[in-house]
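Peer 1: Pasting in a structure now, in structure tokens, and then I'll have a few things to ask.
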Amino acid sequence: MKQLKIAKHEDSLIYVKSNLDLLPSYSDLQSYEKYLYDTYETDYEQDRIHEVYSLLVNELLERIEIFEKVE
């Protein structure tokens with residue numbers, strides 16, 4: 001991830017947002033299940049938000065893989 005290390009995300013082949021600090025950290029992911037339980041009342045709501053979140057994470061991972069292959 002050369003472009004990110006030298007802070008030139010504009011030059012990367014894929015779009016990378018400049019506010020990478022908004023991505024979840026390891027500690028955020030560790031408390032994710034508790035967050036779902038505390039925030040959403042029903043299992044259905046928890047499952048639905050988890051499904052949407054998983055789609056977003058998978059897309060991000062695919063973009064990272066593509067970016068690393070180009071490097």
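The values are calculated or read from the model by the stated rules, or taken from the named source; none is laboratory data. Only a predicted model underlies this, so the values are computations on that prediction, with no experimental measurement involved.
Peer 1: Going through Leu22, Leu61, Leu13 one at a time, which residue ends up being within 13 Å of the chain's Cα centre (by Cα) and at pLDDT below 65?
Peer 2: The conditions single out Leu22.
Peer 1: Out of (1) more than 18 Å from the chain's Cα centre (by Cα); (2) modelled with pLDDT of 65 or more; (3) not in a helix (DSSP H, G or I), what's the single condition that is false for Ala7?
Peer 2: Unmet for Ala7, out of (1) more than 18 Å from the chain's Cα centre (by Cα); (2) modelled with pLDDT of 65 or more; (3) not in a helix (DSSP H, G or I): (2).
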